[in-house]
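Inspection log for the structure reproduced underneath, given as structure tokens.
The values are calculated or read from the model by the stated rules, or taken from the named source; none is laboratory data. What you are looking at is a predicted structure, and each value in this text was computed from that prediction instead of being measured. Cβ placement follows ideal geometry from the backbone for every residue including glycine, while neighbour counts extend to all protein chains displayed.
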Amino acid sequence: MPKNLLTLFCSVLFFQYSQAAIIKGRITNEQQSPLPYATIFIKGTTTGTTSNAEGQYQLEIPAGSYTLVCQYMGYRKLEKQITVGSADQRFDFVLQPVSMQIKEIVVKSGGEDPAYAIIRAAIRKRNFYRHQVNEYTCNDYIKGMFKLRNVPEQVFFQKVNKKDMGLDSNGQGVVFLSESMTRVDFQEPDNVKVEVLSARQSGGGFGFSFPAFIDFYDNNVTAVITQFNKRGYISPIAENALLYYKYQLEGTFQDDGKTVNKIKVIPRRKYEPLFSGTIFITDDDLRIHSADLMLTQEYQLEIMDTLRIRQIHVPVNKEVWRTKDQVITMSIKQLGFDMVGNFVNVYSNYDLHPGFGKKHFDKTIMRYDTAFDKKLLAYWDSIRPVPLEKEELRDFRVKDSTAQAERDSARSSRTLDTLRAHQKRVKITDFFWAGPKHNYYFQRDTGIYSHQLSMKGLLKKIAYNTVEGLVLNVEPELKLSLPRSQELRIMPHIRYGFSNTHLNAWTYLQWTQESRLRNHIGENTWLLGGGKRVSQFNHDNPISALENEFYTLFLKENYMKLYENYFTTLQFTRRFENNSFLRLGLRYEDRTPLENTSDFVFFKNSKKEFLPNHPYELADIPFNRNQALVAEVGFSFQPGQKFIELPDRKIAFGSKYPVFGLTYSKGIHGIGGSDADFDKWQFQVKDNMNLKLFGEFMYRVRVGGFLNDKHVDIPDFQHFNGNQTFYNINYLNSFQLAPYYRYSTTAPFYMTANVEHHFNGLLTNKVPLFNRLKWNLVGGSNAFYVNRENNYVEVFGGLENIFKVLRVDVIAGYQSKDKTRMGVRLGFGGLFGGMVRQQSITEP
């Protein structure tokens with residue numbers, strides 16, 4: 001009997017499922033204008049959908065009788081009793097504007113708007129609603145789309161290829177389109193796990209599948225929008241919101257027996273991280289009913305011109321409301337590009353009592369189902385809650401077809417011939433500036449690959465220093481694509497100094513291989529190098545060739561100090577799945593001192609003399625020809641790493657903890673005539689801490705020293721990266737006013753600290769007129785301590801985000817037995833400037 005009951009029960013379920021039908025329709029106002037992104041759901045549940053930009057919706061539900069609810073901000077909610085059978089049906093909604101009632105305003109002594117009393121009460125309830133739900137699960141459908149409305153003909157003197165971008169002749173078209181269905185698990189205080197059940201991007205790719213959690217019950221509203229302002233944004237019902245916002249009660253309306261207050265949110269000051277728009281709050285329980293809030297560049301929004309957030313909250317049960325629909329729309333106008341986009345989130349199937357196990361929340365915060373990208377079109381048509389618009393349908397169809405055709409032809413000789421025929425020809429002029437590059441295409445069973453031969457432009461590699469005079473560098477590179485995710489790079493270097501007539505030539509071979517270690521994917525890199533080269537005494541290369549050229553030729557100041565060496569190096573680096581690094585290295589150098597051979601300058605100055613090539617600060621320490629065999633081991637680790645888990649691998653996502661690093665170097669005496677005999681260690685901690693409204697704090701602290709210093713030559717000293725030029729970008733790895741080699745040491749212990757705080761507009765946005773520039777204050781200090789005789793401290797303050805790129809610091813440097821130094825340094829900092837990194841490669 002139980003078996004028969006089970007069979008009967010399964011049959012009923014199958015029958016109900018098979019009787020499911022699609023209901024669809026259009027949502028308009030009385031003038032037949034579509035209402036985009038309206039909310040439609042089955043009353044008493046969170047099962048529902050959202051209309052698209054044309055007001056069209058569709059929803060698949062099992063056979064039965066339901067109450068279908070349609071609502072849109074500013075319009076009266078409409079309910080329809082429907083009966084669903086096996087056939088598809090159409091139900092259109094025509095919504096009418098809400099009949100807004102204006103409460104009688106009782107003007108108090110201060111003339112306060114009634115909205116303030118409602119907001120104060122909502123603020124008192126904010127924390128309750130923020131933590132009302134201890135845990136839940138839900139489904140989230142995400143659709144993201146960006147399209148260009150106009151593009152310039154050229155950007156930075158480079159022609160924009162509209163065809164390659166998938167645009168029409170007018171520079172219009174969709175440039176990004178994706179959709180995904182995810183399951184979201186949440187548990188207080190901040191445990192989140194997202195499972196991507198299905199995802200696709202037009203033309204192929206992962207798309208965008210991480211839900212945008214925007215919670216206005218938070219004091220500081222973060223989520224995706226913090227990428228455009230690290231400080232986050234102050235919620236209209238934050239604890240201190242009354243200090244930042246003004247409010248106006250625009251009226252009330254009835255919704256399911258509840259009185260809803262429509263309150264206009266007005267920022268008190270510009271250039272603060274604030275919203276403007278409307279928030280709807282229920283009168284009795286003081287919860288958020290819905291919101292329509294905007295961010296603009298006047299309120300610290302970066303990159304984008306506008307970002308609008310619209311949310312609809314609906315009851316999950318009698319006590320709990322959750323977000324049902326969320327639409328983020330944005331517009332961007334930069335460098336002649338005019339782009340608009342939106343991200344639609346439709347939340348459904350909330351479960352407020354999922355009963356997670358103790359180990360449910362682990363280090364994986366996002367996991368892709370093994371078949372996430374294998375779904376057929378019929379699947380998407382059945383689960384998609386937001387109907388695609390005409391241009392989205394066309395974009396999926398065209399780009400998916402094109403991508404499939406390219407995959408199908410990936411092994412064909414015709415494709416191979418096409419790639420070879422359409423390759424850009426190398427011009428003579430490329431050798432002097434852009435650098436020539438040529439790809440050699442070939443086939444394997446898995447597709448078409450290429451080897452690449454390239455060379456850096458000769459004019460870009462011309463240098464000058466007082467040791468070699470005019471220097472010509474020739475740097476070709478051959479990159480070979482090998483089977484099984486392997487790559488081999490052959491990097492010869494030829495360097496000739498016209499003044500000292502020395503020819504140096506060396507080569508690096510770098511082999512990179514993806515590897516698995518107990519089912520954990522990492523990357524192994526082997527580096528083998530050898531030859532004759534020129535090196536700076538400080539292998540961190542504290543001054544670049546370009547900086548040194550400018551100061552040498554124009555100001556008669558030669559800061560770069562060089563020695564020549566025959567060398568051989570072997571280095572192994574393992575990057576683990578959690579972004580930890582292990583490095584093992586062995587380096588042999590036969591070192592020879594060099595002398596100045598050129599005194600050429602553009603402007604004669606009899607009051608200045610070039611300094612010797614030997615670091616003048618270490619004049620009492622000789623540097624003669626010597627040999628050094630040095631073994632090194634280093635390890636860096638960041639605990640608490642979170643992961644995104646793909647079907648075949650994990651990707652480290654980040655951690656709230658600092659990065660720890662430990663290195664040890666051993667000078668091995670006697671082997672190969674090595675004179676070196678020392679043991680050196682260093683431990684460091686570094687971190688970037690986003691303090692939201694209070695800015696961003698960064699630090700790097702190092703301790704180390706020599707356990708043994710029986711024989712240490714100058715290149716093996718502990719050097720502190722000084723800077724005697726006007727330019728600096730190594731902010732957390734340098735001392736902006738310190739001489740390059742004055743404080744170099746072989747002491748048994750040293751300690752350094754580099755700290756800086758980026759206010760990100762915290763103070764400067766309160767200065768009238770100046771705040772329009774969006775220049776932000778930065779301040780900090782750099783210090784090291786060896787002993788009472790050898791120590792240094794500098795403090796600095798500056799402005800960054802100048803033209804979105806530049807940073808200027810004013811620095812004061814203090815040394816126990818020296819006068820206070822003052823200086824100004826120019827570098828990169830701010831929205832785009834912070835992305836600039838030093839391009840010079842540290843000596844292996």
Practice task
Evaluate region 301-308: report whether one residue or more is surrounded by fewer than 17 Cβ atoms within 10 Å (Cβ to Cβ), over 19 Å from Pro236 (Cβ atoms) and touching a Pro at 6+ places or on another chain (Cβ under 9 Å).
Solution key: no
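What residue, among those in region 214-253 that are part of a helix (DSSP H, G or I) and crowded, with 19+ Cβ neighbours inside 10 Å, is modelled with the highest pLDDT?
Restricting attention to region 214-253, the residues satisfying the condition of being part of a helix (DSSP H, G or I) are 223-228, 241-243.
Next cut, crowded, with 19+ Cβ neighbours inside 10 Å only: 225, 241.
Working: Ile225: 52, Ala241: 96.
That would be Ala241.
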Handout entry: Restricting region 757-798 to residues that are surrounded by 15 or more Cβ atoms within 10 Å (Cβ to Cβ) and in contact with a helix residue (DSSP H, G or I) (Cβ under 7 Å, 6 or more places away or on another chain), the residue that is nearest to Ala747 (Cα to Cα)
Key = Leu777
Completion exercise
Expected output for region 44-58 (first residue among the β-branched types (Val, Ile, Thr), partner assigned to a loop (DSSP other than H, G, I, E, B), Cβ below 8 Å, 6+ apart or cross-chain) is Thr46/Val316; Thr49/Pro385; Thr49/Val386; Thr50/Tyr37; Thr50/Ala38; Thr50/Pro385; Thr50/Val386
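A quick yes/no check of all residues on (1) in a helix (DSSP H, G or I); (2) farther than 30 Å from Met304 by Cβ:
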{"position": "Phe343", "(1), (2)": "no, no"}
{"position": "His353", "(1), (2)": "no, yes"}
{"position": "Lys374", "(1), (2)": "no, yes"}
{"position": "Glu392", "(1), (2)": "yes, no"}
{"position": "Thr402", "(1), (2)": "yes, no"}
{"position": "Gln423", "(1), (2)": "no, yes"}
{"position": "Trp433", "(1), (2)": "no, yes"}
Handout entry: Selection status of Leu582, without any contact (Cβ under 8 Å) to a residue 60 or more places away in the chain, within 39 Å of the chain's Cα centre (by Cα) and within 26 Å of Phe623 (Cβ to Cβ)
Key = no
Problem - Verdict on Ile119 being of a type in the set (Val, Ile, Thr), surrounded by 15 or more Cβ atoms within 10 Å (Cβ to Cβ), at pLDDT 85 or above and not assigned by TED's automatic domain parsing to the domain that holds Thr282 - result: no
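Determine whether Asn801 is in contact with a helix residue (DSSP H, G or I) (Cβ under 6 Å, 6 or more places away or on another chain) and not in a loop (DSSP other than H, G, I, E, B).
Working: in contact with a helix residue (DSSP H, G or I) (Cβ under 6 Å, 6 or more places away or on another chain): no; not in a loop (DSSP other than H, G, I, E, B): yes.
Here the answer is no, as Asn801 does not meet what is asked.
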Problem - Single unsatisfied condition, Tyr741 versus (1) more than 30 Å from Gly670 (Cβ to Cβ); (2) part of a loop (DSSP other than H, G, I, E, B) - result: (1)
Exercise for the section: Inspect region 665-681 for any residue being in a strand (DSSP E or B), under 30 Å from Arg518 (Cβ atoms), assigned by TED's automatic domain parsing to the domain that holds Ser485 and under 19 Å from the mean Cα position of the chain (by Cα) and give the result as yes or no. Expected result: no
Practice task
For Asn782, state whether it is assigned by TED's automatic domain parsing to the domain that holds Met689, of a type in the set (S, T, N, Q) and either within 22 Å of Leu737 (Cα to Cα) or more than 26 Å from the chain's Cα centre (by Cα) (or both).
Solution key: yes
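Among the residues in region 776-783, are any in a loop (DSSP other than H, G, I, E, B) and either in contact (Cβ under 8 Å) with a residue 12 or more places away in the chain or closer than 30 Å to Leu335 by Cα (or both)? Reasoning before the result, please.
Residues of region 776-783 that are in a loop (DSSP other than H, G, I, E, B), as a first pass: none.
No - not one qualifying residue is present in region 776-783.
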Fill in the blank from the handout: The number of residues in region 78-102 that are surrounded by 14 or more Cβ atoms within 10 Å (Cβ to Cβ) and either touching a helix residue (DSSP H, G or I) at 6+ places or on another chain (Cβ under 9 Å) or modelled with pLDDT under 90 (or both) is 2
Handout entry: Residue that is farthest from Phe537 (Cα to Cα), among those in region 674-726 that are free of Cβ contacts under 8 Å to residues at least 24 places away in the same chain and out of contact with any Gly (no Cβ under 7 Å at 6 or more places or on another chain)
Key = Leu691
Fill in the blank from the handout: Restricting attention to region 731-772, the residues that are under 25 Å from Met822 (Cβ atoms) and free of Cβ contacts under 8 Å to residues at least 12 places away in the same chain number exactly 2
Completion exercise
Just one listed residue, out of Asn721, Asn690, Asn730, Asn708, is of a type outside the set (Ser, Thr, Tyr) and crowded, with 19+ Cβ neighbours inside 10 Å, and it is Asn721
Practice task
For Asp168, state whether it is among the acidic types (Asp, Glu), in the same structural domain as Asp338 (by TED's automatic domain parsing) and at pLDDT 80 or above.
Solution key: yes
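So for region 467-481 (the condition being closer than 30 Å to Lys556 by Cβ, modelled with pLDDT under 95, over 31 Å from the mean Cα position of the chain (by Cα) and outside any strand (DSSP E or B)), does at least one residue qualify? Reasoning before the result, please.
Step one: list which residues in region 467-481 are closer than 30 Å to Lys556 by Cβ, which gives 467-475.
From the residues that got through so far, the ones that are modelled with pLDDT under 95 too are none.
No, every residue in region 467-481 fails to be closer than 30 Å to Lys556 by Cβ, modelled with pLDDT under 95, over 31 Å from the mean Cα position of the chain (by Cα) and outside any strand (DSSP E or B).
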Handout entry: Inter-residue pairs, beta-carbon under 8 Å, first at positive phi and in region 338-355, second β-branched (Val, Ile, Thr), 6+ apart
Key = Asn349/Thr46; Asn349/Thr47; Asn349/Thr137
Practice task
Could you check Asn579 against (1) within 30 Å of Asp648 (Cβ to Cβ); (2) assigned to a strand (DSSP E or B) and say which number it fails?
Solution key: (2)
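Residue-by-condition table, conditions (1) under 34 Å from the mean Cα position of the chain (by Cα); (2) surrounded by 13 or more Cβ atoms within 10 Å (Cβ to Cβ):
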site: Leu416; (1), (2): no, yes
site: His438; (1), (2): yes, yes
site: Gln452; (1), (2): yes, yes
site: Met455; (1), (2): yes, yes
site: Ser485; (1), (2): yes, no
Problem - Number of the exception - Ser515 against (1) surrounded by fewer than 17 Cβ atoms within 10 Å (Cβ to Cβ); (2) within 28 Å of the chain's Cα centre (by Cα); (3) in a loop (DSSP other than H, G, I, E, B) - result: (3)
Exercise for the section: Could you tell me which numbered condition Ala21 fails, if it satisfies all but one of (1) among the aliphatic types (A, V, I, L, M); (2) farther than 18 Å from Arg310 by Cα; (3) buried (at least 18 other Cβ atoms within 10 Å of the Cβ)? Expected result: (3)
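Can you say whether Tyr247 is closer than 25 Å to Asn776 by Cα and out of contact with any Gly (no Cβ under 8 Å at 6 or more places or on another chain), as far as the supplied structure shows? Break it down stepwise before answering.
Values: closer than 25 Å to Asn776 by Cα: no; out of contact with any Gly (no Cβ under 8 Å at 6 or more places or on another chain): yes.
No.
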Practice task
Keeping to region 520-565, report how many residues are among the hydroxyl-bearing types (Ser, Thr, Tyr), closer than 24 Å to Glu477 by Cβ and touching a Leu at 6+ places or on another chain (Cβ under 9 Å).
Solution key: 1
